[in-house]
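Visitor: Please find one structure pasted underneath; my questions will follow.
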Amino acid sequence: MNILQNIPLKNYNTFGIDLSAKAFVEVFTEEDLNEVLSSTEGKNSKKLILGGGSNILLTKDFDGLAIKISIPGIKIIEEDNDFVLLKAGAGVNWNDLVNFCVGKNFGGVENLSLIPGTAGAAPIQNIGAYGQELKEVFYSLQGIFIENLEESIFNNGDCKFGYRDSIFKNELKGKFIITSIKLKLHKHPKINLTYDAVKNEIEKLKLGRVTIQDVSKIVCDIRMKKLPNPNEIGNAGSFFKNPEVNAKKFLELKKEFPDIIGHKIEEGKIKIAAGWLIENTSWKGKRFGNAGAHTNQSLVLVNYGNATGKEILELANEIENSVQNKFGITLHKEVNIY
Ligand code: EPU
């Protein structure tokens, strides 16, 4: 395997942070990955596993081996009249996988159109948007334990999926590398219009019958209007998770801030729109050096060009402090900081 030295990571993170890795290698097969991990450099170095780099913030040069997972391939494994089981290499671009499914009328990921990143990274934070979460169609994944190179399969129930969360962000953080995933998709798709913005746009079209192709198109339109394109302006999507509070706290907040946006997720638990909290601490659209909270969606922190990771992290910490001071709510970062 060709392990390269001192490689800039600017093109490997969607924030576009200009830092380097002491060593870098791109792997295209599981065998490549095995070889890298069993090499002297692979065994002795700290490792940074890169998918699409769309959920990381680099704050310093990486003093170890960055491994870019580029394992390709989308394959139908099994199908019957109702379902299809699909396998995707961890390096497959997530949106390419969505387009493959939407093109074949396999339902269950159309609301997740245009999410940046790779198939292999999708389960790590149980990607979700517009009323759908990966865990609803996720079947299993395969990967390798870094320490002993043991291969393992995780079924849906093993992944401990939560809101933007899984076992791979917790107990197995830095210990396991995903090489492929399997999804179980519907051949007679049910249209998911639980998210108001999608429902409203679909209603405007006055279609007789709504298809997953329509939903995918609407989701892409909404995202393109609202969210900055990482190819044009560096960002990693939502920087924070939407915080959860109990009903009592929500009522208190509602009294003081009648416009606050929250929705019930289960009895006594409310999820609050972090974007609203940030906007209402007046960070929306503000610049902090070369970093800022986006003008259309303040939950997305952006790199206006040449921002350092430290600058973005400082901005994030300032925002956390403002939200804590004004609302008594702790924001938690969704993005992984290195
Ligand atoms: N809002 C504001 N001000 C803002 C931003 C949002 O008041 O600056 C309000 C909106 O008006 C809306 C509410 O907050 O009433 C929710 O906003 P939005 O629909 O944009 O969704 P979100 O909760 O901010 C979440 C996900 C996104 C996902 C969208 C759509 C998280 C952390 N983020 O954002 O996911 O695309 O819902 O489902 O859950 C990501 O994870 O990177 C991501 C982009």
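Visitor: Run the dipole for the chain about the Cα centre, Lys and Arg Cβ at +1, Asp and Glu Cβ at -1, nothing else charged, and hand back the magnitude in debye, nearest 20.
Guide: 920 debye
Visitor: Counting only protein heavy atoms and using a 1.4 Å probe, what share of the accessible area of region 194-332 belongs to carbon plus sulfur, as a whole percent?
Guide: 48 percent
Visitor: Quick one: dipole size for region 4-69, taken about the Cα centre, charges +1 on Lys/Arg Cβ and -1 on Asp/Glu Cβ, in debye to the nearest 20.
Guide: Dipole about the Cα centre, nearest 20: 300 debye.
Visitor: While we're here: Accessible area per residue of the chain at 1.4 Å probe, in Å²?
Guide: It amounts to 48 Å² per residue over the chain.
Visitor: Residue farthest toward the positive end of the dipole of the chain, with Cβ of Lys/Arg at +1 and Asp/Glu at -1: which of ASN111, ALA121, VAL36?
Guide: My answer, from the dipole projection, is ASN111.
Visitor: Oh, and also: Taking only DSSP H segments of four or more residues, each worth -39500 (n - 2.57), what value at 222 nm results for the chain once the sum is divided by all its residues, to the nearest 500 deg cm²/dmol?
Guide: Computed ellipticity for the chain at 222 nm equals -7500 deg cm²/dmol.
Visitor: Most mobile of ILE77, ILE146, ILE127 per a Gaussian network model of the chain (Cα springs, under 10 Å)?
Guide: ILE77
Visitor: Right, here's the next one. Among LEU57, ALA316, GLN297, whose Cα sits farthest toward the positive end of the charge dipole of the chain (+1 at Cβ of Lys/Arg, -1 at Cβ of Asp/Glu, about the Cα centre)?
Guide: Result: GLN297.
Visitor: GNM on the chain, C-alpha springs below 10 Å: top fluctuator among GLU314, GLU279, GLU252?
Guide: Of GLU314, GLU279, GLU252, the most mobile in the Gaussian network model is GLU252.
Visitor: Using the Karplus curve 6.51 cos²θ - 1.76 cosθ + 1.60 with θ = phi - 60°, work out ³J(HN,Hα) for each residue of region 104-110 in order, rounded to whole Hz, and write x for Gly and Pro.
Guide: Working through the residues one at a time gives 9, 6, 8, x, x, 10, 4 Hz.
The values are calculated or read from the model by the stated rules, or taken from the named source; none is laboratory data. Every value quoted in this text rests on a predicted model; they were computed, and no experiment measured them. Positions of Cβ are backbone-derived with ideal geometry, glycine not excepted, and every protein chain shown enters the neighbour counts. Note: areas computed on protein heavy atoms with side chains; ligands, DNA, RNA excluded. Shrake-Rupley method; radii C 1.70, N 1.55, O 1.52, S 1.80 Å.
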